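Student: Next up is a structure, given as structure tokens.
The values are calculated or read from the model by the stated rules, or taken from the named source; none is laboratory data. Quantities reported herein were computed from a predicted structural model and do not represent experimental measurements. Neighbour counts are summed over all protein chains in view; Cβ atoms, including those assigned to glycine, are modelled from backbone coordinates with ideal geometry.
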Amino acid sequence: MQLFPCPFCGPREESEFHYGGEAGNLRPDGRDVTAERWAGYLHMRDNPKGPTREIWVHLTCGEFFAMSRDSVNHKVSGSSVLGEAEHGA
Amino acid sequence: MSASRLTTGGSDIDRARPLSFTFDGRRVEGFAGDTIASALLASGQAVVGRSFKYHRPRGVWGSGVEDPNALVDVESAVGRVPNARATTVQAVEGIKVRSVNASPTAETDRNAVLDRFARFLPAAFYYKTFMWPDWHLFEPRIRAMAGLGIVDSDWKPRQVSDQVNHHCDVLVVGAGPAGLAAAASAAAAGHSVVLVDDRTHPGGSLRHRAGEVDGLDGKAWVETVVARLKSGGQLVLSDTTAFGLYDHNLVALNQRHSDGRPDTLWRVRPRRIVLATGAIERPVPFANNDLPGILSADAALSYLRRHGVLVGREIVVATNNDSAYEPASALAAAGASVTVVDCRREGGAQAGTGVRVLAGRMVAVARGRNAVQGVLLDDGTTLAADCVLVSGGWTPTVHLFSQAKGKLAWNDQLAAFIPGEAIEGIGVAGAVAGAVSLSEALASGVAAVDAFGSSSPAPRGSGAEATLGVVSLWPKPKAKGRVWIDYQSDVTAKDVELAARENFVSVEHLKRYTTLGMATDQGKTSNLNGLALLADITGRGIPEVGTTTYRPPFTPVPFASLVGSRRGSMHNPVRRLPLEANHRAAGGVFQEYGGWLRPAYYGGGEAHASIQEEARRARQSVALFDGSTLGKIEVIGPRAAEFVDFIYYNTMSTLKPGHCRYGFMLSENGVVFDDGVLVRLDEHRFIVSCSSSHVAAVHARLEEWRQDRFGRDAVYIHNATAQYATLTVSGPNARQVVEALDLGATLDDASLPHMGVAVGRFAGNEVRIARVSFTGDRSYEISIRADRAEVLWARMQQEGRAFDAVLLGLESLMILRAEKGYIVIGKDTDGTTMPHDLGVAGPRTKRASEFVGRRSLFTEAGNSTDRNQLVGLAVREGEAPLATGAYGVEKREGRPKSIGFVTSSYQSPTLGRPVALALIERGAARHGETIDIQHLGVVRQATIVAPCAFDPEGRRLHA
């Protein structure tokens, strides 16, 4: 059972969290977005081995945040509130 | 085998407290402190069970968790436990112990004949043989013949298992010399310590092997250390197995109790872990090495010194290392005649008086039927024996280290894998780390703690130090006879050879093909012998072959322990209506709908008739319905209108305050995710009314878009679903009933039209009245503070009486909405349904602003012309309703093909005929066509019609 640091609540067990996707997967707006670009946004994931940056939500407080962790050894290096890198704005 | 109890000795037993229990119906005597296995041995019981596959007789082999043979079903006052290890379960007065996989008893098992056909039943025999005509024909009988204990299907928990969460600085697993030294050192350095051991008494090998620490006798030193830990406030848990080591240093412990309480699960989150888990003695490969009376040498010593049991009178000890000499000498001193057969040319130097040593020789064959009677050596010598002790070296118990993703390193000197590169925060000490002598073990315990940043002197062994001097003695290919590798799974050397011949040369494939290392012991005694043999056959080194993956649990853990109190409604709590008691008083029959407990129908009558009657009467005059489960999520803020525009498929920002609008929410892949009514209370305040079972998911989705796209300051979201009850009045006379409630709101159709919202008051509380209809009749949804709903509901029923009002359960409501073609998301839609499939195509083509899922509506799939679309289905006059889930079928190129399916189907009491909704390929353009509907082999015809079967002009909404 991993411990994840919610930026608002501190370390909590992983069962209180849901995965929200890879960080930086910015949404392209409009009906004229190319099929490839839209498919990339919807489906294409890097699934990196090693260091990752991901969006998670702490279900008990409802906050979405970014977390850096390693997908191999499960070490968590930190978490932060959503910033421009995640919004693209 | 002629094991017996000596008249003296046995540190674990209390001879003043005799007890008795039954084994396969026979009375067995023992003492308090006996395990079931030690009592069975003391009573001379050689055969304690039958093997999994061949029904071979098997006896006690080990003295702890490693034992592969002595599995028993134990029935006591607290219930029946299947597949308990007789070597770890304490004997208790009056318990009933049954051998497993044996009938009627272990000694007289009627399936024992199977073993005579063993040569026809190698590994994978079943897969290869029972293929024709169908494995399932044979499976039940084969399963009945093979297997282990019997699960008590009537088992009920008498008491909930406790579960404890605990934090500490240092957790030490194993209370042998290394673990005790580590715990004492950590405590001295000021750490909070938890020390766990799976035995009843701490001490590990010091409880039965000679040892002296800092001048104290080993056992006395153990007691001193434990007493000091306890008096220092440290936690010492005995009878407790650390069975799993999980991410971020979570260690799971299962604690057994001797007072009848169910096991306790501990979740310990230590900052540091010291694994002092010891090592397990390996069997020695020779033919028939599974006969009862063949035991681990260390176990024999343990039974002698802990339980005062002499395992035989005429004992042969087969070994490849020094550790077997202490048992040999001790048994000789206790009166047995002992011959050591040591495969090393030099033999061991330390044989005690009366021990004969045959160096440079090996046991080739064990003889006997239901118990060992003698051995044949490789030089042709035969020796009579009623007991053979084996020591093939020691396998470090690396399970927890490996579970923590630790890499193992092969150690030639020990002929074993030991923990390799250190893992941060996890130390290893003692035999698991390769320590042989007592001083090494003690020093490694202290060093493991020092690595965390303290420093203290280690205790020292002050007596003779143990040596090992082990040489390889692995099973060899092409050996004569049946050399058993895995006792519990009935795997022989020949099975491993067969697997290798058939190219199952990966150790993971070997395991799955032969079942080597499976079952309840997970190969604790067999894995290394098996993979060493595979290495030999395939010409590889042992490290190259590697081990299978170690996974939790280390030993079986009762589900009751893992579950704790999370059973039934504590596991899956239902949500309850504020007015549940009132509905029950009115005869409501409750069912669970999407996590909510709701009245399905009212009255004690037959379900179908009651539901039909409710639906019929609802159309006649007026119906009352509790819709409190509907979502009520408030969206507030300066960008709220922009937000709901983005969230909904339909344009919502044009909605005027005091009105509501029906719309869809889509997923980003364009699929309809939820539907419902959005209420606009004022310029910056909306209420999202979503499906009852979707509230949590919709709320999460709104939060995600709010935080990701709009910002915390621009929109605020509050899920107020549980704060309000929503009570609905529906039917031709609905307005008269609502007027009689005297809510202080103007109810005429100009002020409160269909899809209008008004605010009123009832008994001093504000109520919200929405003209929203899920029945197709004029309806008023009245929302009030949940804690004030009871009075309003009573008043509604009272005023309804004059109009013959009927209470609607959820089932009749489903009929009413289906008559109207109103959909339920997830029932009348599936994971491909887009809004234009449901006849709502406008926003797709006309909307200019962005919304969730928009781009996906224009993909190749979204633009396809042969999509499944919502339709109604009419059956021929006088026919019964179609089955929900029945398929529409069409012949294409001579083969039947699915063209969709029935999503909802009911008998309509008002129309006097069935109504049905379906998703049918190109359905919207096929009204009037008759298609085949197939269900369970029966084909019927149905005509595609519009989804709405009742009042298609919608006059009753305004009537």
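Student: Spot the failing condition for B:Ala615; the list is (1) assigned to a strand (DSSP E or B); (2) in contact with a Pro (Cβ under 7 Å, 6 or more places away or on another chain); (3) within 30 Å of B:Gln907 (Cβ to Cβ); (4) among the aliphatic types (A, V, I, L, M), and only one is missed.
Tutor: All conditions are met except number (1).
Student: Also, quick follow-up: With the requirement that a residue be modelled with pLDDT of 95 or more and more than 14 Å from chain A (Cβ to nearest Cβ), what does segment B:254-269 give you?
Tutor: Of everything in segment B:254-269, those that are modelled with pLDDT of 95 or more and more than 14 Å from chain A (Cβ to nearest Cβ) turn out to be B:Asn254, B:Gln255, B:Thr264.
Student: For segment B:412-423, check the following and say yes or no: at least one residue is assigned to a strand (DSSP E or B), of a type in the set (Phe, Trp, Tyr) and surrounded by 20 or more Cβ atoms within 10 Å (Cβ to Cβ).
Tutor: So far as segment B:412-423 goes, yes, one or more of its residues are assigned to a strand (DSSP E or B), of a type in the set (Phe, Trp, Tyr) and surrounded by 20 or more Cβ atoms within 10 Å (Cβ to Cβ).
Student: So, one more: Restricting to segment B:618-627, name every residue that is assigned to a loop (DSSP other than H, G, I, E, B) and buried (at least 24 other Cβ atoms within 10 Å of the Cβ).
Tutor: Within segment B:618-627, B:Val622 is the sole residue that qualifies.
Student: Could you check segment B:688-711 and list, in sequence order, the residues that are of a type in the set (Val, Ile, Thr) and in a helix (DSSP H, G or I)?
Tutor: B:Val695, B:Val698
Student: A further question on this structure: Looking at segment B:897-925 only, could you name the residues that are in contact with a strand residue (DSSP E or B) (Cβ under 7 Å, 6 or more places away or on another chain) and β-branched (Val, Ile, Thr)?
Tutor: Listed by number, the residues that qualify are B:Ile899, B:Val902, B:Thr903, B:Val915, B:Ile920.
Student: Given the conditions (1) within 14 Å of chain A (Cβ to nearest Cβ); (2) among the hydrophobic types (A, V, I, L, M, F, W, C); (3) in contact with a Lys or Arg (Cβ under 8 Å, 6 or more places away or on another chain); (4) surrounded by 22 or more Cβ atoms within 10 Å (Cβ to Cβ), report the number of the one that B:Val695 does not fulfil.
Tutor: Only one criterion in (1) within 14 Å of chain A (Cβ to nearest Cβ); (2) among the hydrophobic types (A, V, I, L, M, F, W, C); (3) in contact with a Lys or Arg (Cβ under 8 Å, 6 or more places away or on another chain); (4) surrounded by 22 or more Cβ atoms within 10 Å (Cβ to Cβ) is unmet by B:Val695, namely (3).
Student: Within segment B:297-320, which residues are farther than 21 Å from B:Thr8 by Cα and either at pLDDT below 95 or hydrophobic (A, V, I, L, M, F, W, C) (or both)?
Tutor: Hits for segment B:297-320 are B:Val316, B:Val317, B:Ala318.
Residues are listed down the side, and each one gets a yes or a no for (1) charged (D, E, K, R); (2) surrounded by 17 or more Cβ atoms within 10 Å (Cβ to Cβ); (3) more than 19 Å from B:Thr775 (Cβ to Cβ):
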{"site": "B:Ser812", "(1), (2), (3)": "no, yes, no"}
{"site": "B:Ile823", "(1), (2), (3)": "no, yes, no"}
{"site": "B:Ala841", "(1), (2), (3)": "no, no, yes"}
{"site": "B:Arg854", "(1), (2), (3)": "yes, yes, yes"}
{"site": "B:Leu857", "(1), (2), (3)": "no, yes, yes"}
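Student: Restricting to segment A:11-38, name every residue that is more than 9 Å from chain B (Cβ to nearest Cβ) and assigned to a loop (DSSP other than H, G, I, E, B).
Tutor: A:Ala23, A:Gly24, A:Asn25, A:Leu26, A:Thr34
Student: Oh, and also: Take the residues in segment B:219-253 that are part of a helix (DSSP H, G or I) and buried (at least 18 other Cβ atoms within 10 Å of the Cβ), then tell me which one is nearest to the chain's Cα centre (by Cα).
Tutor: Per the stated criteria, the residue is B:Asn249.
Student: Taking the condition closer than 24 Å to B:Asp713 by Cβ and either crowded, with 17+ Cβ neighbours inside 10 Å or facing chain B (nearest Cβ under 8 Å) (or both), does A:Val57 pass?
Tutor: In short, yes.
Student: B:Ala805 fails exactly one of the following numbered conditions: (1) crowded, with 21+ Cβ neighbours inside 10 Å; (2) within 44 Å of the chain's Cα centre (by Cα). What is the number of that condition?
Tutor: (2)
Student: Testing B:Arg143 on (1) over 26 Å from B:Trp484 (Cβ atoms); (2) under 25 Å from the mean Cα position of the chain (by Cα); (3) exposed (fewer than 12 other Cβ atoms within 10 Å of the Cβ), one condition comes back false. Which one is that?
Tutor: Unmet for B:Arg143, out of (1) over 26 Å from B:Trp484 (Cβ atoms); (2) under 25 Å from the mean Cα position of the chain (by Cα); (3) exposed (fewer than 12 other Cβ atoms within 10 Å of the Cβ): (1).
Student: Here's another thing I want to ask about it. For residues that are not polar (S, T, N, Q) and not in a loop (DSSP other than H, G, I, E, B), scanning just segment B:280-298, find the one that is nearest to B:Ile418 (Cα to Cα).
Tutor: B:Ile280
Student: Could I ask something else about it? So which residues in segment B:42-80 are within 30 Å of the chain's Cα centre (by Cα), among the charged types (D, E, K, R) and either farther than 30 Å from B:Phe125 by Cα or in a strand (DSSP E or B) (or both)?
Tutor: Hits for segment B:42-80 are B:Arg50, B:Asp73, B:Glu75, B:Arg80.
Student: Consider B:Thr865 against the criteria (1) among the polar types (S, T, N, Q); (2) away from chain A (no Cβ under 14 Å); (3) not in a loop (DSSP other than H, G, I, E, B): it satisfies all of them except one. Which criterion is unmet?
Tutor: With respect to (1) among the polar types (S, T, N, Q); (2) away from chain A (no Cβ under 14 Å); (3) not in a loop (DSSP other than H, G, I, E, B), B:Thr865 is out only on (3).
Student: Determine whether segment B:815-825 contains at least one residue that is more than 19 Å from B:Leu624 (Cα to Cα), among the basic types (Lys, Arg) and assigned to a loop (DSSP other than H, G, I, E, B).
Tutor: No, every residue in segment B:815-825 fails to be more than 19 Å from B:Leu624 (Cα to Cα), among the basic types (Lys, Arg) and assigned to a loop (DSSP other than H, G, I, E, B).
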